[in-house]
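The next block holds one structure in the form of structure tokens; read it before the comments.
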Amino acid sequence: MLYNISQAVRETLDLNKLLQSIMEIAKNILNAEASSLAIIDNKTNELIFTVAEGEKGRIIKEIRLKMGQGVIGWAAQKGKPLLITDVKKDKRFYKGADDKSGFVTKSILCVPLMVRNNIIGAVEVLNKKDGSSFGPEDIDLLSTLAGEAAVALENARLFSLATTDGLTGANTIRYFRTLYDHEFSRSVRYKRNLSLILSDIDHFKNVNDTYGHQIGDLILKETAGILKNSVRDIDVVGRYGGEEFIVMLPETQKENALVLADRLRKKVEEHVAVDQHGKEYKVTISMGVASFTGKETMEELIKLADTALYKAKETGRNRVCTA
């Protein structure tokens, strides 16, 4: 089982599914009623429950603990495993989680999550199902599982750094092109629909010149957020460069791509960005749409979207044009 987890950690990019799998295995292999994993939020110095397996797991995920608070907070702060056979006799137990979830905790085993000797969180299992207590061998096993979870988290962090634009959260253009290459080849091989939307925030230079780059960054982040939150899971949003974003729409013909592009345009137009002082800002966006007909190369399809975008900007901006 540990070997299979180790292989999955090195091959799987879906972090949430992987962590859920690890914690489900921790719960089952240690014969526990529940298990959870919490990550340190370095901005607030709080522990956030990322995964919670077992009864009332959803409620647990809504709880935040300060470093040192509760058993899991103690393990994260000290960087040491903690085994408590009877929580009623230990002041470190935080019963607020039980009060909110309705779960009755009797015993806890908790170990820190560590990456290169840096503590990033902790994992815990609660209550042996057979009523017995966790033992030293359980500490070793949970520590091993925690090590695999830590590797998964580190892999995800490094992957995110390599593939995600730090400011907007959109895919970097380099990674976008990797995904685009794969999807374009699939569209050619199986004669499937594929569309692109290339967009440009209107008069963005004026935003930077008038309000400063801090507001410009705010506009970029919120515009990217609108695009990412308004497309399907299979669609890919990339930062094409500067204030330009590109959206790849697999299995999408031109008519549907145009409908989506205009919906995105309207959402950007209606959105109000608010800075830390409460001042409001609004922008518009121009969009060009191109769809694969079976004749274009990868670069030709991008060029067609770029031509359509140029047309949208030349004919008044805040509009969608097609190649």
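Here, each number is a calculation from the coordinates, and none is a lab measurement. Given the structure is predicted, the values throughout are model-derived calculations rather than measurements. Positions of Cβ are backbone-derived with ideal geometry, glycine not excepted, and every protein chain shown enters the neighbour counts.
Give me the Å³ per residue figure for the convex hull around the C-alpha atoms of segment 99-196.
Considering the Cα atoms of segment 99-196, their hull volume per residue is 237 Å³.
The local environment of T144, defined by Cβ-Cβ distances under 13 Å, has a net charge of -4 under the rule Lys, Arg +1 and Asp, Glu -1. Per residue, the convex hull spanned by the Cα atoms of segment 1-88 measures out at 126 cubic angstrom.
In a reduced charge model with +1 at each Lys and Arg Cβ and -1 at each Asp and Glu Cβ, the chain shows a dipole moment near 300 debye about its Cα centre. About its Cα centre, segment 1-123 has a charge dipole of approximately 440 debye under the convention of +1 per Lys or Arg Cβ and -1 per Asp or Glu Cβ, with nothing else charged. Taken over the Cα atoms of the chain, the convex hull encloses 165 Å³ per residue. Please give the calculated 222 nm ellipticity per residue for the chain, where each DSSP H segment of at least 4 residues contributes -39500 (n - 2.57) and the sum is spread over every residue; nearest 500 deg cm²/dmol? Mean residue ellipticity at 222 nm (helix-derived): -15000 deg cm²/dmol.
Toward the positive end of the charge dipole of the chain, with +1 on the Cβ of Lys and Arg and -1 on the Cβ of Asp and Glu, the farthest Cα among F176, T12, M23 is that of M23. Distance distribution P(r), segment 135-275, all Cα-Cα pairs, bin width 5 angstrom from 0: 2, 9, 15, 17, 15, 12, 9, 7, 5, 4, 3, 2, 0 percent.
Candidates Q214, H277, N193 compared by Cα position along the dipole of segment 183-281: farthest toward the positive end lies N193, with charges placed on Cβ. A cut-off under 12 angstrom between Cβ atoms defines the neighbours of I302, and their net charge, with Lys, Arg +1 and Asp, Glu -1, is -4.
Near L30: Cβ cut-off under 9 Å, other residues only, Lys/Arg at +1 and Asp/Glu at -1. The net charge is +1.
For segment 178-249, applying the loop criterion from DSSP together with a ceiling of 11 other beta carbons within 10 Å to the trypsin sites (Lys or Arg not before Pro) yields K191, R232. Coupling constants for segment 277-282 follow from the phi torsions by the Karplus curve (6.51 cos²θ - 1.76 cosθ + 1.60, θ = phi - 60°), and in residue order they are 9, x, 6, 9, 9, 9 Hz; glycine and proline get x. When peptides 145-155, 112-122 are sorted by average Cβ neighbour count within 10 Å, with the highest value leading, the order is 145-155, 112-122. Under the combined filter of DSSP loop state and at most 15 neighbouring Cβ atoms within 10 Å, segment 28-73 retains these GluC sites (Glu not before Pro): E55, E62. As a rough guide to protection, the peptides 15-23, 162-170, 195-203, 34-42 ranked by mean Cβ packing within 10 Å, highest first, stand as 195-203, 34-42, 15-23, 162-170.
Shape descriptor for segment 212-294: Rg over Rh equals 1.01 (Cα atoms; Rh from the Kirkwood inverse mean 1/r). In sequence order, segment 171-180 has phi-based couplings of 5, 5, 5, 5, 6, 4, 5, 4, 5, 5 Hz under the Karplus curve 6.51 cos²θ - 1.76 cosθ + 1.60, θ = phi - 60°, and Gly or Pro positions carry x. Computed from point charges on the beta carbon alone (+1 for Lys and Arg, -1 for Asp and Glu), the dipole magnitude for segment 101-145 about its Cα centre is near 140 Debye.
In the chain, a dipole from Cβ-located charges (positive for Lys and Arg, negative for Asp and Glu) runs towards its positive end, and of L37, A261, T105 it is T105 whose Cα lies farthest in that direction.
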